[in-house]
1. Rounded to the nearest 0.05, what FRET efficiency do residue 112 and residue 296 give with R0 = 22 Å and r taken as the Cβ-Cβ distance? Could you check?
2. Taking the convex hull of the Cα atoms, report for the range 112-227 its projected area averaged over all directions, in nm².
3. Does anything in the range 259-295 have its amide N under 18 Å from the 7 Å Cα→Cβ label point of residue 240, and if so which residues?
4. At q = 0.10, 0.16, 0.20, 0.21 Å⁻¹, what is the base-10 log of I(q)/I(0) for the range 199-325 according to the Debye formula with one equal point scatterer per Cα and no solvent? Please give it to two decimals.
5. Say each of residue 230 and residue 60 gets a label point 7 Å from the Cα, pointing the same way as Cα to Cβ; how far apart are those two points in nm?
6. Quick one: which of 171/229; 185/245; 190/223; 204/235; 145/235; 137/229 span more than 24 angstrom between C-alpha atoms?
7. Run the paramagnetic zone check for residue 204: 7 angstrom along Cα to Cβ, then residues of the range 214-241 with backbone nitrogen under 16 Å.
8. Apply the Karplus curve 6.51 cos²θ - 1.76 cosθ + 1.60, θ = phi - 60°, to the phi angles in the range 114-125 and return the couplings in whole Hz, x for Gly and Pro.
Amino acid sequence: MSHQKNDPKPSSSQTDLNTEPRNRKPLVYALALVVVALMAYGYKLVNHGIFACSANGYQDGWYFAYCNSTAYGDYDHGALWYPLEPETVSFASDAEVLMVGSSRMQYGFSTDTVDQWFSQRGISHYLLGFSHTETVKFMQPLLEKVNPQAKVIVINLDGFFENRVTEPVAKLFAGGDSRSRYEAKRRWQKPHRVLCGAIPGLCKNSPAVYRNIETGRWIQYGKNPNWLKAPTALKSEEQQMEFDKGLILAQDFIRSIDQDGRCIFLTIVPSPFTPMKEVEYLAKKLGIPLHVPTPQGYLTRDNSHLDIPSAERWSQAYLQLSGDEIERCLTQPTASTR
C-alpha cells in the first residue's frame, strides 16, 4: 500500500506574509510618485511662482502687483481690468490728476516728492501705469472702464502710442480662462504672505512690485543680481515713419479723453534710450504742452527704470516745470490746454 506524502497547506498567516510585500509595492510606488510630484510642484512655486519673489511689501493699503518669475508674472493688468481690486479702480476714477503710461512712468513718479507735492496742495492723484511698456491699445479701453473724472491727464510718451498688444493684454483680450487665472494669482497672495512671514527662508528675493491702492504708487522689493545700472541718454536712431504711425494713434486717443475744461500734458520719463525727437514731434503735431526736464544726468537701476535717488530728483524737476500749470487747470474750470 503506497503512502502519498501530503504537502502541508500553508497557514493563513503564512499566506499573508508571502503576499504582503507584493501588495505593498504598488502603494509604495504610488506614494513615491506623489512625493515626487509634490517636490516638483514645490520647486516650481519657489523658483518660478509667487514664492520666488519677496513678500516684504504686504501692508494695509497696498496689493501685490507683479512678481518677476515665469509662472506668476503680472497681476496688475487683471487687477484693474476685471476688476479684482475695485478700491483701486475707484481711486483712479476719482483722482483729480491722472498719469498714464509705462513702468518707467511708474518708477519715475513713485516718489516721496510727488506724494508730498500733491498732499500739501490737497490734490488727489493717481499713477495708472503698467509693466511691459504698456500701450494705448490697452489704456484706451481700460479708461472706458475706469471712467476717469480727472481734470488733468499726463501722458508719458514711452512707447505709448504704438500699435502693438503686450503679452498680458493679449491674454486678457483672448478671454477664455483669463479671469480665473488672475483670480488664482490673487488667492496665492495670502499663503505667500503668511508662509513667507512665518518662514522667511521659504521665499526667494526676485523683484516684486506692490501698488498703493490710493495713489497707484509702486514700491519694489527684492532685486535681480543680473541688473546693471546705466545712465539715461537720448535714443540714437528714430524714424520719421514711426512718428507718423504714432501720431494717428495719438490723435484717436486724445479725442477719446478730451473733455471741456480738461488739461492734457505730455512728458517722457528718461531712460538710457529716451526718444526725444519723437516726443517733440508728437507734442508739436498734437498741439499739447510738453513738460520734460533735461533727460540726461540720471541713473537707472536696471538699464531701464530710474533708481530711487534719480526718480526723486527728476520728479522734483518735473513738478517745478509743470506744477503751476497743473494747479491752474484745477482752479480754473475752463483752463483746458486744448
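Every number in this text was worked out from the coordinates using simple rules, so none of it is lab data. Note that this is a predicted model, so its numbers are computed, not measured. Glycine gets a Cβ as well: all are built from the backbone with ideal geometry, and neighbour counts include every protein chain shown.
1. Working: r = 23 Å, r/R0 = 1.05.
Efficiency for this residue pair is about 0.40.
2. On the way: hull surface 40.8 nm².
Answer in nm², one decimal: 10.2.
3. 276-286
4. Rounded to two decimals, the profile gives -0.44, -1.00, -1.27, -1.31.
5. Modelled inter-label distance: 4.2 nm.
6. Working: 171/229 31 Å; 185/245 36 Å; 190/223 22 Å; 204/235 35 Å; 145/235 34 Å; 137/229 30 Å.
Beyond 24 Å: 171/229; 185/245; 204/235; 145/235; 137/229.
7. 221-227
8. Each residue's phi maps through the Karplus curve to give 5, 4, 5, 4, 6, 5, 5, 9, x, 10, 8, 9 Hz.
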